[in-house]
Amino acid sequence: MESVESLKAEIRNLLKKRHAILLAHNYQRSEVQDVADFSGDSLELSIRASRTDAEVILFCGVHFMAETASILCPDKKVILPVAGAGCPMADMISAHELREKKKEMPGAVVISYVNTTAEVKAESDLCCTSANAVQVANAVDPSRPILMVPDRNLARYTIKHTERRISYWEGYCPIHENLHAEQVMRVKAAHPEALFLAHPECRPEVLELADEVRSTSGMIAYAGESSAREFIIGTETGLLYPLAGANPDKRFYPADPHMVCPDMKKTGLKEILEALETLRPEVKVPEGIRDKAKRAVDRMLGVGKG
Ligand code: 13P
Ligand code: SF4
């Protein structure tokens, strides 16, 4: 059996040969983050994908993330090592369902969370991520109502921080939805000095308990800047690895050790190596959908740039 280190070395060699860049989400397995050129949150990964001059983007994350890379870089080969790595929340709304909902809300501006299919993005006016949902909502003409899809928790969090009129779809992330306030209270009682950092995909009553609500990379940045030494982390447990790596002198406790996204864990070094050898499975968004979806992603990337 090949050792982890020799697999990593083979992957790095092949990445060079293929003129490929390996992008990994912050929830990926530690060995995958180790071998990546860049690890980050959804917004950072989209930005990296849009700026790379590599010929191949090997995306270690879930399907909608690879699709976003394909939307932004039609001339590049985008590879998702495990084709079946999906996001149950993204599957909670289809383009057909969104079209029907839009008929009920003529004049509404649709903001789709990046955790959606390319088809849903193509039906949307703007995209957002957990890092910029409030800024994106604030960039909308105040006279127009907003429909946010599919995450009700991100939408309710946004409603609390903007004056805009927002309706939302009743989708959710099963992993974040499973974190309950009682569980957070128990962990807080065990670590009374720790600050509680939560992801906006958590339930409203969990976010009420948070000292700070941030995207995954936002949590890494916050923990680095904070003078606190201990943190309870209310998101998928994969984030503990980059958090601890960036802050070796601080301590991090999962709000619930059961917060594991099975799809984010499907990709391992063997799958990456095979994907690099075969340059498959490829994710390619068809042109008629891509151009429409790109408008929504580009508008998001433009927010904050004035
Ligand atoms: P981030 O964009 O904050 O990394 O979140 C992505 C995600 O899938 C959260 O569950
Ligand atoms: Fe989707 Fe939740 Fe997994 Fe993120 S953690 S990829 S939102 S299922």
Revision key, fill the gap. By residue number, the members of the stretch 237-260 that are touching a Phe, Trp or Tyr at 6+ places or on another chain (Cβ under 8 Å) and within 23 Å of Ile21 (Cβ to Cβ) are Gly238, Leu239
Practice item. Return only the number of the condition from (1) within 13 Å of ligand 1 (Cβ to nearest atom); (2) buried (at least 20 other Cβ atoms within 10 Å of the Cβ); (3) more than 26 Å from Gly171 (Cβ to Cβ) that Ala221 does not satisfy. Key: (2)
Point to revise | Considering residues of the stretch 15-30 that are part of a helix (DSSP H, G or I) and open to solvent by 30 Å² or more (accessible area, probe 1.4 Å) only, the residue farthest from Glu55 (Cα to Cα) | key: Ser30
Practice item. For the stretch 163-181, state whether one or more residues are more than 16 Å from ligand 1 (Cβ to nearest atom), without any contact (Cβ under 8 Å) to a residue 12 or more places away in the chain, out of contact with any strand residue (DSSP E or B) (no Cβ under 8 Å at 6 or more places or on another chain) and open to solvent by 70 Å² or more (accessible area, probe 1.4 Å). Key: no
Point to revise | Hits in the stretch 276-306 - residues which are in contact with a helix residue (DSSP H, G or I) (Cβ under 6 Å, 6 or more places away or on another chain), farther than 14 Å from Leu80 by Cβ and assigned to a loop (DSSP other than H, G, I, E, B) | key: Val303, Gly304
Review point. Which of (1) within 13 Å of ligand 2 (Cβ to nearest atom); (2) in contact (Cβ under 8 Å) with a residue 40 or more places away in the chain is the odd one out, the single condition Val184 does not satisfy?
Key: (1)
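Within the stretch 194-213, can you find the residues that are in contact (Cβ under 8 Å) with a residue 24 or more places away in the chain and in contact with a Phe, Trp or Tyr (Cβ under 8 Å, 6 or more places away or on another chain)? Lay out the reasoning, then the answer.
Narrowing the stretch 194-213 to residues in contact (Cβ under 8 Å) with a residue 24 or more places away in the chain: 194-210, 213.
Correct list: Ala194, Leu195, Phe196, Leu197, Pro200, Glu201, Pro204, Leu207, Leu209, Ala210, Val213.
From the list Leu240, Leu273, Leu209, exactly one residue is touching a helix residue (DSSP H, G or I) at 6+ places or on another chain (Cβ under 8 Å), modelled with pLDDT of 95 or more and open to solvent by 30 Å² or more (accessible area, probe 1.4 Å). Which is it? Please lay out each step first, then the result.
Details: Leu240 fails: touching a helix residue (DSSP H, G or I) at 6+ places or on another chain (Cβ under 8 Å); Leu273 fails: open to solvent by 30 Å² or more (accessible area, probe 1.4 Å).
That would be Leu209, the only listed residue that is touching a helix residue (DSSP H, G or I) at 6+ places or on another chain (Cβ under 8 Å), modelled with pLDDT of 95 or more and open to solvent by 30 Å² or more (accessible area, probe 1.4 Å).
Filter the stretch 193-236 for residues that are assigned to a loop (DSSP other than H, G, I, E, B) and hydroxyl-bearing (Ser, Thr, Tyr); which is farthest from ligand 2 (Cβ to nearest atom)? Explain how you work it out, then say what you get.
First, pick out the residues of the stretch 193-236 that are assigned to a loop (DSSP other than H, G, I, E, B): 193-194, 199-203, 208-211, 214-215, 226-229, 235-236.
Filter again for hydroxyl-bearing (Ser, Thr, Tyr), leaving 215, 226-227, 235.
Numbers: Ser215: 11, Ser226: 24, Ser227: 29, Thr235: 8 Å.
Out of the qualifying residues, it is Ser227.
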Check your understanding: Is it true that some residue in the stretch 139-158 is more than 21 Å from Arg299 (Cβ to Cβ), of a type in the set (A, V, I, L, M) and outside any helix (DSSP H, G or I)?
Key -> no
Study note, to complete from the structure: The number of residues in the stretch 77-107 that are assigned to a loop (DSSP other than H, G, I, E, B), surrounded by fewer than 20 Cβ atoms within 10 Å (Cβ to Cβ) and more than 16 Å from ligand 1 (Cβ to nearest atom) is 6
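The values are calculated or read from the model by the stated rules, or taken from the named source; none is laboratory data. Note that the structure is predicted; figures quoted are calculated from it, not measured. Ideal geometry is used to build each Cβ from the backbone, glycine not excepted, and the neighbour counts take in all protein chains shown. Side chains are part of the model used for accessible areas, which takes the heavy atoms of the whole protein and leaves out ligands, DNA and RNA. Shrake-Rupley method; radii C 1.70, N 1.55, O 1.52, S 1.80 Å.
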